[in-house]
Amino acid sequence: MTTMKVLFLIFAAATLGSAFMVVTTKKMIHAAFWLIATLFGVAALYALLNAGFIAMVQIVVYVGAIAILFIFAVMLTRKDLRDSAKPLNANWSSAALLAVLSFGGLYLLLSQWAGFSSTEGAPVLASGMDTIGQLGEALVSPNAYLLPFEVASVLLLAALIGAVYVANEAKNK
Amino acid sequence: MIPISWYLIVAAALFSIGLFGVLARKNAVAILLGVELMLNAVNINLVTFWRYNAPETVTGQVFAIIVFAVAAAEVAVGLALIISIYRNRKTVVADELDMMKW
């Protein structure tokens, strides 16, 4: 049991535990806070995978923007949150069965892949390899991922304009 | 070092928890929280396969960044819809939003 493995187990347990709280806790505002814990756990997993940039983006974009959006939405719809009512609907037991089945199915599917049983760690990164620099260049290089990057930004712009339009109260109704 | 299967199992468990949240929660905001968990599980898989199979390329990380952008767009539109629905119907409980049923 190396230090990495212990760290991984701690972060994985924290991630899954707080994810479980997200879907079961009664108060919506608490669910949003548990989501922040889950997102930090996932960021720690990215850091263990040597994906430092993704880990930072996870914290800046998910915790800094998306989780805050969720908290605002929870507060704006506060009157009808029904914190005292049951958080799960009547079909929650079949939903739980389906979730367990999907986990079992995924596990079965993965266990048929030959690489799944390997006990080796990740390949060692070549020393002096600058993954963040490579990633930055790839995102703005016309020979690599410039077009998907620009399409993603257009998608974001369209989504934000659409969100403003949808959430805007029609004043002259 | 950590075997690849550990990451994949964590991602599969996170995905299943998110699926449970989407199917079982009453509150529409909580359903979107479940979708976020599922997207995070997908991203863990993408970064894991990048790290274990092709660390010399950047493809996996770029893919994960595009998923981030799509997730942000999805949350923005989804929450705008929920706020608009709340304004008109005074509820965010998914079972009560049945006006398109006939």
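So here's what we get for this one:
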| read-out | value |
| --- | --- |
| Sequence-separation-based contact order of chain B, relative, with Cα cut under 8 Å and 6+ spacing, percent | 26 |
| Cα gyration tensor shape of chain A, rounded if a/c is under 1.5, else prolate or oblate by comparing a/b with b/c | oblate |
| Most mobile of A:E120, A:E137, A:E150 in a GNM of chain A (Cα contacts under 10 Å) | A:E120 |
| Estimated inter-spin distance, B:E74 and A:N143, nm [label 7 Å along Cα→Cβ] | 3.4 |
| Radius 15 Å from Cβ of A:L125, net charge of other residues (Lys, Arg +1; Asp, Glu -1) | -2 |
| Net charge dipole size for segment B:4-96 [Lys, Arg +1 and Asp, Glu -1 on Cβ; Debye, nearest 20] | 300 |
| Value of [θ]222 nm, deg cm²/dmol, for chain A, DSSP H segments ≥ 4, -39500 (n - 2.57) each, nearest 500 | -21000 deg cm²/dmol |
| Principal axes of segment A:130-173: Cα extent on each, largest first, Å | 55, 18, 7 |
| Cα-centre dipole for the protein assembly as shown with unit charges at Cβ (Lys and Arg positive, Asp and Glu negative), debye to 20 | 1180 |
| Tensor-based shape of segment B:4-96 (alpha-carbon gyration tensor, a/c under 1.5 rounded, otherwise prolate or oblate) | oblate |
| Integer Hz, Karplus 6.51/-1.76/1.60 couplings in order for segment A:36-52, x for Gly and Pro | 4, 4, 4, 5, 5, x, 5, 4, 5, 5, 4, 5, 5, 8, 6, 9, x |
| Fewest-first ranking of B:W50, A:W92, B:W6, using other Cβ atoms within 10 Å as the exposure measure | B:W6, A:W92, B:W50 |
| Per-residue ³J(HN,Hα) for segment B:53-58, Karplus 6.51 cos²θ - 1.76 cosθ + 1.60, θ = phi - 60°, Hz, x for Gly and Pro | 10, 9, x, 7, 9, 10 |
| Hz values of 3J(HN,Hα) by residue in segment B:87-97 - Karplus curve (6.51, -1.76, 1.60), Gly and Pro given as x | 5, 8, 10, 6, 8, 10, 7, 4, 5, 8, 8 |
| All aspartates and glutamates inside 19 Å of A:K26 as judged from Cα atoms, apart from same-chain residues fewer than 8 positions distant | A:D80, A:D83, B:E36, B:D95, B:E96 |
| Gaussian network model of chain B, springs between alpha carbon atoms under 10 Å - residue of B:N43, B:N27, B:N88 with greatest fluctuation | B:N88 |
| Listed residues A:L101, A:L39, A:L135, most fluctuating in chain A (Gaussian network, C-alpha, under 10 Å) | A:L101 |
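Each value in this text was obtained by applying a stated rule to the coordinates, not by laboratory testing. Treat the numbers as computed from the prediction; the structure is a model and nothing was measured. Ideal geometry is used to build each Cβ from the backbone, glycine not excepted, and the neighbour counts take in all protein chains shown.
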